[in-house]
Each structure stands twice: as structure tokens, then as C-alpha cells.
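What follows is calculated from the coordinates using simple rules that are stated; it is not laboratory data. This one's a predicted model, so the numbers in the text were calculated from it and none came from an experiment. Don't worry about glycine lacking a Cβ; one is built from the backbone with ideal geometry, like all the others, and counts go over all protein chains shown.
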Amino acid sequence: MNGYNFAYLDEQTKRMIRRALLKAVAIPGYQVPFGGREMPMPYGWGTGGMQLTASILGSDDVLKVIDQGADDTTNAVSIRAFFQRVAGVETTTATTSASVIQTRHRIPEAALSHGQILVFQVPIPEPLRFIEPSEQETRLMHALEEYGVMHVKLYEDIARYGHIATTYAYPVKVDDRYVMDPSPIPKFDNPKLHMNEALMLFGAGREKRLYAIPPYTRVESLDFEDHPFEIQAWDECCALCGSETSYLDEVITDDAGNRMFVCSDTDYCMTRRGEVA
Amino acid sequence: MNRSVLPRPDLERPALLDVHNVSRLYGPDKGCQEINFRLHAGEVLGIVGESGSGKSTLLRVLAGLEAPDAGHVAYHSANDDTLDLYAISEARRRALLRLEWGLIHQNPRDGLRMGVSAGANIGERLMALGQRHYGQLRAAGQDWMGQVELDPGRIDDAPRTFSGGMQQRLQIARTLVTRPRLVFMDEPTGGLDVSVQARLLDMIRTLVRQLGLSVVLVTHDLAVARLLSHRLLVMRRSRVVEAGLTDQILDDPQHAYTQLLVSSVLTP
Ligand SMILES: Nc1ncnc2c1ncn2[C@@H]1O[C@H](COP(=O)(O)OP(=O)(O)OP(=O)(O)O)[C@@H](O)[C@H]1O
Ligand SMILES: [Mg+2]
Ligand SMILES: [Zn+2]
């Protein structure tokens, strides 16, 4: 097919990545190194996620790709078109019909179900990197559960801003063991990581690391007793569908600077409006 | 200042550290070799000697940071186990350093996190121990800043806005906040102005007494050793040439090298 192997990557690379994925699933939240391959796109385009998607995709799969919460951004459209071309798989924008969802910044609002797989594109997989530049040292810190510094960062937030100011890539502890960076999702989505029915896979292309949260895994956002973890909230509801529970983006509607709040998850918003494509 | 107010070490309880024939050599007579001693609970042991005599090397071996080529170090832990320091896992050793011990570096920058506030520096070890109450962490930070004579109102300031002497106080607060059973200090007053040194020494002395700390103190400054330690090891070219009670050694040195050391420093 077009001279490409199914889903672009050669079978040996896919097997290698699948073996790494099995290890990641067996040790929730643990970063597994893998021999990443070059993809025909630059790193910022989510090559880590794409290699994982390519490795798990079968011909029966139905693929959805979102960037922020939208199916129609350039990035989402081109990744979807890529897999349509090199794997011939069916694609969809409907969260509930997808078997594999590749994402960059969001977890869909619709509840995921058992059997679905969410693939995250991760820019910086190491949650300890901000304090410790050495890879050898951070691996040792994970091995020894030396996680005091994660709370140092949250302490510093509260001291400076009066509250925990971290709003995305908010660190979590997975299955009471590994501290993990959930990729640049808003902290609004953190509670969806906890006991989710779907399998969640994370791939970082540049750093060649992957990790996983298996279905029904406990995932806890780090916090203090007297400054508990909280998600973002809005006074407005979605201007298009009226949702009061979804993650909202502020959009400017005209040159006069008028603005409104709308769901970041376009499929969720359209479904509520009865406009499913 | 009166030395006699240092509390007596506790000779009844088992020794905290038992050091048997420890050697760590980088070259002939460079490092430390054939070191034997015992550190009792509540005791301050000074290690003195000229530059390059091996004091810091020995301290690193004792603190679990550098494996000896020969010999072993036994540590009697808080839960009453006797641990062979280099037979246990690195994980266990690092946990000791984090949970039961403290390490005070000569250069406060090596012991502080320069990128976060004074309060975060003091709170870090408490957080590593599982303290998850911001208000209590802050209260502990302010309390300890007071104890080391820093203005608690500066709890949110970055260490780099503090003078060298203040940074050293902050490092001490950050280390002692968890009440370590055993503290290692390498030239804690080195690199500071003489006037700043005197006050800092006085403060260390007060804290050691109040908290009943057990300390291994490396210094090339005999005046510092005299002020703080019960007992001394005198090192020269990687070996201990003389050991004994501080007063005995400084007032009546037996080894020719110690005599030289004492006379060159203490005679007016
Ligand atoms: N990592 C190392 N590699 C090679 N040689 C070393 C190393 N560390 C120390 N040495 C050498 O071992 C000897 C003892 O050094 P050490 O730092 O223990 O002395 P010291 O008594 O602490 O000296 P100072 O008072 O100057 O701090 C010196 O000759 C030093 O050059
Ligand atoms: Mg030294
Ligand atoms: Zn909406």
C-alpha cells in the first residue's frame, strides 16, 4: 500500500514499542525508554503519540485525533489524514465511536469506556526535570521515591500566589507509587485519569519515553491538606450548548473585542447541540 | 565561653557509629586509611588536620556518600538496627541521609536550593518525611528562621538575597528542622568573615546543646574544634595520628605533628 508498511512503522519497530508498552502497563506511571523512530513530521507535531498509535493500530480500529479539544485543527487533521493514508483505518470525530483516540491537550468530556485507548502526545515526560537536569539522578529519585521536591514546587506556588498556580501538566501520583506528568492537559482533566475505564498511553518522541495508566488505576493529584487540589471553574456556561460542566475556551468573536466561552471539546459541544457530523 | 556546659555524651546507649579500619585512597596517602573510632550518642567529634589530610574524604565515607576501599562503617539506627553502611542498598543509605541524618556543607549553595524561597528550603525535608500541611510547614519555617536568628519576615525571600552568613544559617535551619540524630558538618564556618564566624559558631553550639545532637565536625580551625567538640581526631596524610579528648589534645598534644599544629595556631 503506497509502498508503506501498515501504519507506516515497520513491524519490528512496532513489536519493540508494544513490548515497551506492556512493561509500561505492568508498572503504572513508570517511564519506559524505547528506541524511537523518526516520523515524517517534526517533534512538536506529536511524533511520540504517533509512534504509539502506529504500533497499536489494527485494521478494525476507528481513530479519532484531537488537538486542544478540537478535531478540526491543522495538527489533528493532518495526523488523522496520515493514518487514513498509511493504515487505511476508519476515522471519526465522535468520542464514543472511536477505539483509539490520539490527543495532545485534553481528555474528552464524554466518559470513556472499557476497550477504548487514549494516546497522549507528551512534550516533557519527566515531572522532576524542573528541579533536576540529570536523567540519571531523576531515575534514581523515582526508584527511591524521593518525591519531596514535588511538594516544594507546590509550596512555592502557594507562598507566591496564595494558591497552587499550576494549571496544566499538574503532577499526579499513579497507583500510590510513581509521580507522573500527565502531559499538558489542564488540571480540569486530572480527575478523569482516576479509575478511568479506558487504557491511557503516553508517548514522548523527543525523549523516547513512554508510560501508561491501565484501566481502573488510582491516580491522585498532589496537594496539601489545607490547600486541596481543585479544578478550574467558570462563572459562564458554554455559549453554544449551555454546558455548565465542560472545560471552556474563551474566544474573541469580533474586532470589537467581544468574547464568549465555548466548550473546548468540539465533539461534546456538537453532540449536545444535536449537530453530530 | 565555658566549655564545661557541653552536655556529656551518652556512653550507656550503643554507639551511633562504629568505624572499623576504613580506607579510601585516591593515591598513596591521599584520602584516608586505617581509620578506627566510635561515635557515641550526644557526642561531637572533631576531625582536624591540615589541608589535604583527608578530613573531607573521611566525612564522605562516614556519611554514606563514598564507598570505602576497605573496612566498614556500622550505624546504629533509630529503630535499633545495626546497619553496615555499605552492605545496605543505596536506597536505604539515601533514606538515612534524608530521614535520620543531616549534612551541612561548607558552601551553603551546595546545601540549599537557590531557586526556591527560604521557607521552601526549610520545609523540604519535612515534606520528604510526608508533612502535607502548608500552614504547619510555614509555621515550622518561621520558627526555625527565628532559631537561627534570621528574620522570619523574610520567609518568602530567595536564598540569593541573603548574605553568606545568613545562607549558612538557612542551611543549618533546613538541615536541623527534622531533628536529625546525626549531623555531618564540613567546615561549617569556613569561607565566612571572622566576625560572622564567631556568632555562627555560638549559634551552632547552642543548637547542638539544646537538641542534644550527635555531630561529626570537620574543620582545619582548632579554635572551632575547641569550641564545639568533645573529642578530636587529628589527621595527617590520610591517617589519624592522635585521638582523644579535645582539652587533652589541645593542651597537651603528644604527637609531634599535633604539637606543631597547636603551636602554629594557638600561640599568640
Ligand atoms: N575525588 C577525588 N579524586 C582524586 N583525589 C581526591 C579526591 N578527593 C580528594 N582527593 C585527594 O585526597 C586528598 C585528601 O583530600 P580531602 O579533600 O579529603 O582533604 P581535606 O583534609 O578535606 O582538605 P581541605 O582542608 O583542603 O578541605 C587530597 O590530596 C585530595 O587532592
Ligand atoms: Mg575538606
Ligand atoms: Zn458547548
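Brief remarks follow.
- Angle in degrees between helix B:164-176 and the longest Cα principal axis of chain B, rounded to the nearest 10: 90 degrees
- Beta-bridge orientation, chain B: approximately 55 percent antiparallel, per DSSP, counting only bridges with both partners inside.
- Take each residue of peptide B:249-262, count the partner chain Cβ atoms within 10 Å of its Cβ, and average: the result is 0.
- Here B:D110 and A:V251 are evaluated by their C-beta separation; at R0 = 56 Å the FRET efficiency comes out at 0.65.
- Taking each of A:K64/A:K173; A:K23/A:K64; A:K14/A:K192; B:K30/B:K55; A:K23/A:K173; A:K23/A:K187 in turn, the alpha-carbon distance tops 22 angstrom for A:K64/A:K173; A:K23/A:K64; A:K14/A:K192; A:K23/A:K187.
- Between helix B:90-99 and chain B: long-axis angle, C-alpha atoms, 0 to 90°, nearest 10: 70 degrees
- C-alpha center-to-center spacing [the range A:158-179, the range B:222-248] in angstrom: 48 Å
- The chymotrypsin sites (Phe, Trp or Tyr not before Pro) of the range B:52-155 that DSSP puts in a loop, and whose beta carbon has at most 16 other beta carbons within 10 Å, are B:Y86.
- Farthest toward positive dipole pole in chain A [+1 Lys/Arg, -1 Asp/Glu at C-beta], among A:Q68, A:A110, A:A20: A:A20
- From the alpha carbon centroid of the range B:69-107 to that of the range A:251-277 is 59 Å.
- Fraction of antiparallel bridges per DSSP, the range A:1-155 only, in percent to nearest 5: 15 percent
- Averaged over B:126-137, number of beta-carbon atoms from partner chains that fall within 10 Å: 5
- Fraction of antiparallel bridges per DSSP, the protein assembly as shown only, in percent to nearest 5: 55 percent
- Estimated inter-spin distance, B:E90 and B:T206, nm [label 7 Å along Cα→Cβ]: 4.1 nm
- Candidates B:S117, B:S56, B:S163: whichever shows maximal mean-square fluctuation once chain B is modelled as a Gaussian network with Cα springs under 10 Å: B:S163
- Remark: mean inter-chain Cβ contacts per residue of A:137-149 equal 3, using a 10 Å Cβ-Cβ cutoff to other protein chain atoms.
- GNM flexibility winner over chain A from A:T92, A:T74, A:T53 (Cα, springs under 10 Å): A:T74
- When the Gaussian network model of chain B links Cα atoms closer than 10 Å, the mean-square fluctuations of B:H133, B:H40, B:H220 top out at B:H133.
- The spacing between the range B:172-206 and the range B:121-145, judged by their C-alpha centroids, is 20 Å.
- Taking a ≥ b ≥ c as the square roots of the eigenvalues of the alpha carbon gyration tensor, the range A:233-277 is oblate, as a/c is not under 1.5 and a/b does not beat b/c.
- Three-way shape label, the range A:1-123, alpha-carbon gyration tensor, a/c 1.5: rounded
- Seen against the Cα atoms of chain B and their longest principal axis, helix B:194-211 is set at about 80 degrees.
- Paramagnetic label zone (point 7 Å from Cα along Cα-to-C-beta, B:D143; backbone N under 11 Å) in the range A:161-198: none
- Three-way shape call for chain A based on the alpha-carbon gyration tensor, with the a/c threshold at 1.5: oblate
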